[in-house]
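See structure below.
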Amino acid sequence: MVAIVRAPGSNFSLGETSGLYGQPNYQIALQQHERYCQALEYCGLTLTRLPPDMAHPDSTFVEDTAIITPRCAIMSRPGAASRLGEIEDMRKVLRGFYSQLHEIQPPGTLDGGDICEAGEHFFIGISDRTNQAGAQQLANVLSDYGYTHDFVDIRGLAGLLHLKSGIAYLGENRLMLVDALIDHPAFQGYEVIRVDPQENYAANCVRVNDHVLIASAYPHLSARLEQLGYRLIELDMSEFRKMDGGLSCLSLRIPG
Ligand code: CIR
């Protein structure tokens, strides 16, 4: 398995942000990013490391630029105007991995952070970044490749920039969910791990082979996952959180 990552540029703090958690420190962000990369390598992934892209301060959040599946990839079309240009460079990179590379077209917008893969099924968030046209285009492509989907409208749900701000699929029919999503019909039939509201940020974790990468300093959730038998790697995400970024969005993970 390969993961594509991009180190933050020194103008990282100029990206989109709610500003709720203060100004990020670039040097600390670089260190946190490096530890994240090392964790992926420790889990057995081979990294494609892209250089900082100073034209796009949010471009370290590579997950938003594409939807990766074992059968195809789809270039997203970010909902924030400042991020639209991130696609161009990532398209070139993904052409090296995929002959089947699709594109979300205007008027569709879609951020990869709104898409949660659960095996052969995809949850497609509709948010302030991903509109219905973008969501429907993605659903059509996924259907062509034999995948199923549900739409999950998160507009108006406080604290969720993207669907994946509040959900993670851990494999084996198990979902991690924040309270705002827990009653949604799309998630019935899954075994659900409920996230304590004060630990919502940690819901955005990533299962990588035998490990789960999770934000550090969320002790209830970590303890619960350990009880369930997961091997955790805890990562300090403080500077990325200040830019409203979750743990998953720092990499695009390509199966194979
Ligand atoms: C943005 O607002 O677009 C970035 N500052 C953060 C994006 C984080 N992406 C993600 O959680 N999938």
Inset, instruction - Might you tell me the accessible area per residue for the chain, computed with a 1.4 Å probe and given in Å²? - result: 42
Inset, instruction - Please give the calculated 222 nm ellipticity per residue for the chain, where each DSSP H segment of at least 4 residues contributes -39500 (n - 2.57) and the sum is spread over every residue; nearest 500 deg cm²/dmol? - result: -6500 deg cm²/dmol
Legend entry - For the stretch 2-254, with +1 on Lys and Arg beta carbons and -1 on Asp and Glu, the positive-most of Ser76, Thr48, Ile115 along the dipole: Thr48
Legend entry - Total charge dipole magnitude, the chain, about the Cα centre, Cβ charges on Lys, Arg, Asp, Glu only, Debye to nearest 20: 380
Inset, instruction - Please list Arg224, Arg49, Arg77 in order of solvent-accessible area, largest first, computed with a 1.4 Å probe with all protein chains present. - result: Arg49, Arg224, Arg77
Legend entry - Per-peptide average of other Cβ atoms within 10 Å, ordering 164-172, 240-248, 110-118, 22-30 highest first: 110-118, 240-248, 164-172, 22-30
Inset, instruction - Run the 1.4 Å probe and let me know the accessible area of Leu20, rounded to the nearest 10 Å². - result: 130
Inset, instruction - At 1.4 Å probe size, with no ligands or nucleic acids counted, give the accessible surface of His211 in Å², nearest ten. - result: 20
Inset, instruction - List every DSSP H helix in the chain whose Cα atoms extend 20 Å or more along the helix's own long axis and whose mean Kyte-Doolittle hydropathy is at least -1.0. - result: 26-42
Legend entry - Cβ-placed point charges (K, R +1; D, E -1), dipole of the stretch 80-190 about Cα centre in debye, nearest 20: 240
Legend entry - Spherically averaged projected area in nm², based on the convex hull that wraps the Cα atoms of the chain: 12.1
Legend entry - Charge sum, other residues only, whose C-beta stays under 14 Å from Ala81's C-beta, Lys/Arg counted +1 and Asp/Glu -1: -3
Legend entry - Listed residue (Phe151, Phe61, Tyr230) projecting farthest to the positive dipole end of the chain, Cβ model: Phe61
Legend entry - Carbon + sulfur, % of accessible area of the chain - ligands and nucleic acids excluded, 1.4 Å: 48
Legend entry - Accessible area, probe 1.4 Å, largest first, for residues Thr17, Thr48: Thr17, Thr48
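The values are calculated or read from the model by the stated rules, or taken from the named source; none is laboratory data. It should be emphasised that the depicted structure is a prediction, and the values quoted were computed from it without experimental measurement. Neighbour counts are summed over all protein chains in view; Cβ atoms, including those assigned to glycine, are modelled from backbone coordinates with ideal geometry. These area figures cover heavy atoms from the full protein model, side chains too; ligands, DNA and RNA do not enter into them. Shrake-Rupley method; radii C 1.70, N 1.55, O 1.52, S 1.80 Å.
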